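Just below is one structure, and these are the notes that go with it.
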There are 2 protein chains.
Amino acid sequence: MTQVSLNFERSEYADRITRTRRVMAERGIDLLIVTDPSNMHWLTGYDGWSFYVHQCVLLPLDGDPLWYGRGQDANGARRTVFMADDNIIGYPDHYVQSTERHPMDFLSGIIESKGWGRQAIGVEKDNYYFSAACLDSLRANLPNATFKDATALVNWQRAVKSPREIEYMNRAARIVEAMHARILDLVEPGMRKNDLVAEILHTAARGADGHGGDYAAIVPLLPSGIDASAPHLTWDDRRFKSGEGTFFEIAGCHKRYHCPLSRTIYLGKPPQKFLDTEKAVLDGMAAALDAAKPGATCEDVEAAWRKTIAKYGLEKESRCGYPIGLSYPPDWGERTMSLRPGDKTVLEAGMCFHLIPAIWQDDWGLEITESFRITDGGSETFCRYPRQLFVKD
Amino acid sequence: MTQVSLNFERSEYADRITRTRRVMAERGIDLLIVTDPSNMHWLTGYDGWSFYVHQCVLLPLDGDPLWYGRGQDANGARRTVFMADDNIIGYPDHYVQSTERHPMDFLSGIIESKGWGRQAIGVEKDNYYFSAACLDSLRANLPNATFKDATALVNWQRAVKSPREIEYMNRAARIVEAMHARILDLVEPGMRKNDLVAEILHTAARGADGHGGDYAAIVPLLPSGIDASAPHLTWDDRRFKSGEGTFFEIAGCHKRYHCPLSRTIYLGKPPQKFLDTEKAVLDGMAAALDAAKPGATCEDVEAAWRKTIAKYGLEKESRCGYPIGLSYPPDWGERTMSLRPGDKTVLEAGMCFHLIPAIWQDDWGLEITESFRITDGGSETFCRYPRQLFVKD
């Protein structure tokens, strides 16, 4: 079967595997069961919307990784992973969503047959796609194995991006800029929200500069007025109204790499609280971006933001940023570092974050955000889109 | 805070809760922890893209359910659930994606404080959003509780749809018809796949008959040529080619209710195998739809399909259908029944399925599907869209 083209050189996959194995060895893990679709993709290239059934990549300390998934998805693995066909294992369809048998039961047989049944096995215990039933099945079927928590072990290896990854994120940045420009051009009182979403998704898929758009790991969030007090409401078919602010939290995506960017648009004359908050947020963001550089810590960046907005009498309990890159639904964050007090992770060149110093008040909200990467000397935003509250009066 | 309008009458939520509690009582479950976003929505109305952090609905045997989630998402709950504010509990942000503390640790304290710490607690053990770490946290923090597997307990209560639910699915059917019409109108050799996706997503969000489109739980799948041998590849920016078949597996969605429908389009003159397979599939589908009626079982429907295509020398290992309705990513199936051998669930009026007798061969594939509901006397498809292989030569 003809191989599709991989998104990265083989040497890059080899390097990723080497980095992961180094940490496995440090933690005494012989075999890693990788269930996070982003981690599966990052290690092997696997790309398909099949994560609604159980699947994983098995990474032993030697040899190529194994792809394990539903039988019918094995062809999708053959079309997307770098490994040879005999490293692709499908399970029978009567294991799918069955009350009598679990795909991890079948996997345990494979692990035994490979001689790994007495090993120390790392599992992503707190991953969306590794349910409590998965671990109970493995524990019951592999009584001689030792299970170690390897949540986010691979995610951490993804933190520093390669030049090719940065290139994909730059393409995603051009896409999200185009999406915001389209929103600003079209939004007006009386327009149904779902009709604006149609235009946003259209622009997202068309892409920019000749590079097509991929699906983002989160759908557009565009709450208006009092709904903007909540960060994660999606849309309905009500109409935009004058006298309301709406934040647009969206991302461009290219080959599964994301560049999120939020902007807020006020239709009509904004109340003073919007203008005051805009000023505080912009000042706080400038301080945070200034603090973001190699050698500084995640909490240093947050402290710079926090101190600056305190001057304006503003407080924000939740974290003000998280790492970004390759992702699948339901989250475009990498779930490792957080820009918040107590996170002493030291920043390195190539790390990429979404700085999201969102302000959600009791009956309104404002989001102005930037995605940025740590450079050798400081930080650089991915987007070149006006950083402001937009007003259409 | 002003309540947004609920998608259903309060009496419908009350009825859903009553049905769920009846099964809880039968199974000796005192408290149900509901982590599936579809189940959370179905029981309470909660609607937000916040399932990337831990959250749940607590359903005791008496009183209103409790919504539990991230502090910043509590406002989203206030905007969407039917319960009063004091049934909404947010956890502090330093529990989010932390390596030191887990949101289920915090929840255990709440369960203890409510006097439920010695109860029989049902958990959705094999749900995407109930990780192995969730159960380990609850087991460690609530040593006097008994944990029972309640996977799909709520999903099963969702099987028979109410008239209002059917109405939403009919609206979704109009949307997916419009999406397929748009595809057929536009697809041609030389068009980039992502550009066609832009049109599909645009039509999906615009909606039909004045009803706006919501996001589907799965993105459009549209593999061409050899890629169509795999069911779950998404898209890229390559161009459609003459001499290739493409299947379009898509769904219309309205207020989170889905109507999936797949069609295959061949650009150029189709090889005989496409035409032969089309005939077998259409015959098999007619037989399956004919067998689908109250009193028949899931496996009866599959057997009708299987016997019919066997006459054409065709076999299909994987199930040929699953229940549909309300859903969130990553799956628009309900994960209860399957149309496959061994599933003896008896069909009832109001149950809704996606009949997906897809044929994935070594180097090509064909999908022609229908969503249907069981009626008092038989079955009825949601869509009125030509059931055929389309050819654009």
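The values are calculated or read from the model by the stated rules, or taken from the named source; none is laboratory data. Bear in mind that the values here come from a model prediction, so they are computed numbers and not experimental data. Neighbour counts run over all protein chains shown; Cβ positions are idealised from the backbone, glycine included.
Reported count of residues in the range A:187-209, each being basic (Lys, Arg) and in contact with a Ser or Thr (Cβ under 8 Å, 6 or more places away or on another chain), is 1. Cβ separations smaller than 6 Å between residues 6+ apart or across chains give the following pairs from the range A:376-393 residues that are touching a residue at least 12 places away in the same chain (Cβ under 8 Å) to residues that are outside any loop (DSSP other than H, G, I, E, B) and small (Gly, Ala, Ser): A:Phe382/A:Ala173; A:Phe382/A:Ser371; A:Cys383/A:Ala173. Does the range B:314-325 include one or more residues that are surrounded by 18 or more Cβ atoms within 10 Å (Cβ to Cβ), among the charged types (D, E, K, R) and within 11 Å of chain A (Cβ to nearest Cβ)? Scanning the range B:314-325 turns up at least one residue that is surrounded by 18 or more Cβ atoms within 10 Å (Cβ to Cβ), among the charged types (D, E, K, R) and within 11 Å of chain A (Cβ to nearest Cβ).
For A:Ala204, state whether it is at the interface with another protein chain (Cβ under 9 Å from one of its Cβ atoms), touching a Gly at 6+ places or on another chain (Cβ under 9 Å), part of a loop (DSSP other than H, G, I, E, B) and not β-branched (Val, Ile, Thr). No, not satisfied. Contact annotation: residue pairs with Cβ atoms under 8 Å, 6 or more positions apart or on different chains, pairing a residue in the range B:177-198 that is in a helix (DSSP H, G or I) with a partner that is surrounded by 14 or more Cβ atoms within 10 Å (Cβ to Cβ) and hydroxyl-bearing (Ser, Thr, Tyr), are B:Glu177/B:Tyr385; B:Ala178/B:Thr203; B:Met179/B:Thr203; B:His180/B:Tyr385; B:Ala181/B:Tyr385; B:Arg182/B:Thr203; B:Lys193/B:Ser224; B:Ala198/A:Thr203.
Kindly indicate whether any position in the range A:219-232 is in contact with a Gly (Cβ under 6 Å, 6 or more places away or on another chain), modelled with pLDDT under 95 and among the hydrophobic types (A, V, I, L, M, F, W, C). So far as the range A:219-232 goes, yes, one or more of its residues are in contact with a Gly (Cβ under 6 Å, 6 or more places away or on another chain), modelled with pLDDT under 95 and among the hydrophobic types (A, V, I, L, M, F, W, C).
Among the residues of the range A:242-288, write down those that are away from chain B (no Cβ under 14 Å), touching a helix residue (DSSP H, G or I) at 6+ places or on another chain (Cβ under 9 Å) and in a loop (DSSP other than H, G, I, E, B). Once the filter is applied, which keeps residues that are away from chain B (no Cβ under 14 Å), touching a helix residue (DSSP H, G or I) at 6+ places or on another chain (Cβ under 9 Å) and in a loop (DSSP other than H, G, I, E, B), the range A:242-288 yields A:Gly243, A:Pro270.
Checked against (1) in a loop (DSSP other than H, G, I, E, B); (2) under 23 Å from A:Ala150 (Cα atoms), A:Cys383 passes all but a single condition, namely (2). Restricting attention to the range A:144-176 and to residues that are assigned to a helix (DSSP H, G or I) and polar (S, T, N, Q), the residue that is surrounded by the most Cβ atoms within 10 Å (Cβ to Cβ) turns out to be A:Asn155.
Just checking, which of B:Ile175, B:Ile89 is of a type in the set (A, V, I, L, M, F, W, C), touching a Phe, Trp or Tyr at 6+ places or on another chain (Cβ under 9 Å) and closer than 28 Å to B:Arg256 by Cα?
Values: B:Ile175 fails: touching a Phe, Trp or Tyr at 6+ places or on another chain (Cβ under 9 Å).
That would be B:Ile89, the only listed residue that is of a type in the set (A, V, I, L, M, F, W, C), touching a Phe, Trp or Tyr at 6+ places or on another chain (Cβ under 9 Å) and closer than 28 Å to B:Arg256 by Cα.
On the stretch given as the range A:326-355, residues that are in contact (Cβ under 8 Å) with a residue 60 or more places away in the chain, farther than 17 Å from A:Asn155 by Cα and within 14 Å of chain B (Cβ to nearest Cβ) total 0. The test for being within 10 Å of chain B (Cβ to nearest Cβ) and either over 20 Å from A:Leu66 (Cα atoms) or at pLDDT 95 or above (or both) holds for A:Ser137. Here B:Cys134 clears all of (1) in contact with a helix residue (DSSP H, G or I) (Cβ under 8 Å, 6 or more places away or on another chain); (2) surrounded by fewer than 23 Cβ atoms within 10 Å (Cβ to Cβ) except the condition numbered (2).
Identify, from the list B:Ile200, B:Ile166, the residue that is closer than 27 Å to A:Phe51 by Cα and not charged (D, E, K, R). I'd like the intermediate steps shown before the answer.
On the way: B:Ile166 fails: closer than 27 Å to A:Phe51 by Cα.
Answer to the selection: B:Ile200.
Yes or no: the range A:24-37 includes at least one residue that is buried (at least 22 other Cβ atoms within 10 Å of the Cβ), modelled with pLDDT of 95 or more, among the hydroxyl-bearing types (Ser, Thr, Tyr) and in the same structural domain as A:Gly117 (by TED's automatic domain parsing). Yes, the conditions are met somewhere in the range A:24-37. When the strands (runs of 3 or more DSSP E) confined to the range B:1-85 are screened for residues that are more than 12 Å from chain A (Cβ to nearest Cβ) and of a type outside the set (Phe, Trp, Tyr), those reaching at least 3 such residues are found at B:31-34, B:56-60. Of the residues screened, A:Ile218 is one that is out of contact with any helix residue (DSSP H, G or I) (no Cβ under 9 Å at 6 or more places or on another chain) and either not small (Gly, Ala, Ser) or not in a helix (DSSP H, G or I) (or both).
Yes/no per residue for (1) over 25 Å from A:Tyr128 (Cα atoms); (2) within 16 Å of the chain's Cα centre (by Cα):
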{"residue": "A:Gly325", "(1), (2)": "no, yes"}
{"residue": "A:Pro330", "(1), (2)": "no, yes"}
{"residue": "A:Glu334", "(1), (2)": "no, yes"}
{"residue": "A:Leu339", "(1), (2)": "no, yes"}
{"residue": "A:Thr345", "(1), (2)": "no, no"}
{"residue": "A:His354", "(1), (2)": "no, yes"}
{"residue": "A:Trp360", "(1), (2)": "yes, no"}
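With respect to the conditions (1) of a type in the set (Val, Ile, Thr); (2) closer than 30 Å to B:Gln55 by Cβ; (3) within 12 Å of another protein chain (Cβ to nearest Cβ); (4) under 28 Å from the mean Cα position of the chain (by Cα), A:Ile121 falls short on a single one, namely (3).
Find the residue count for the range B:212-223, including only residues that are more than 7 Å from chain A (Cβ to nearest Cβ) and surrounded by fewer than 23 Cβ atoms within 10 Å (Cβ to Cβ). Before you say what the answer is, go through the steps one by one.
The initial filter retains those residues of the range B:212-223 that are more than 7 Å from chain A (Cβ to nearest Cβ), namely B:214, B:216-217, B:220, B:222-223.
Okay, now just the ones that are also surrounded by fewer than 23 Cβ atoms within 10 Å (Cβ to Cβ), so B:220.
Number of matching residues: 1.
In the set (1) buried (at least 18 other Cβ atoms within 10 Å of the Cβ); (2) touching a Ser or Thr at 6+ places or on another chain (Cβ under 7 Å); (3) more than 14 Å from chain B (Cβ to nearest Cβ), the condition left unmet by A:Ile374 is number (2).
Checked against (1) under 18 Å from A:Glu367 (Cα atoms); (2) surrounded by 19 or more Cβ atoms within 10 Å (Cβ to Cβ), A:Cys253 meets all criteria but (1).
Among the residues making up the range A:57-77, those that are touching a helix residue (DSSP H, G or I) at 6+ places or on another chain (Cβ under 7 Å) and closer than 29 Å to A:Ala25 by Cα are A:Val57, A:Leu59, A:Leu61, A:Asp64, A:Pro65, A:Leu66, A:Trp67, A:Tyr68, A:Gly69. Among the residues of the range B:86-101, those identified as out of contact with any helix residue (DSSP H, G or I) (no Cβ under 7 Å at 6 or more places or on another chain), within 14 Å of chain A (Cβ to nearest Cβ) and either β-branched (Val, Ile, Thr) or under 16 Å from B:Ser113 (Cβ atoms) (or both) are B:Val96, B:Thr99. Here A:Asn127 does not qualify as within 30 Å of B:Gly210 (Cα to Cα), among the polar types (S, T, N, Q), at the interface with another protein chain (Cβ under 9 Å from one of its Cβ atoms) and in contact (Cβ under 8 Å) with a residue 24 or more places away in the chain. When the range A:261-276 is filtered for residues that are farther than 18 Å from A:Gly321 by Cα and hydroxyl-bearing (Ser, Thr, Tyr), only A:Tyr266 remains.
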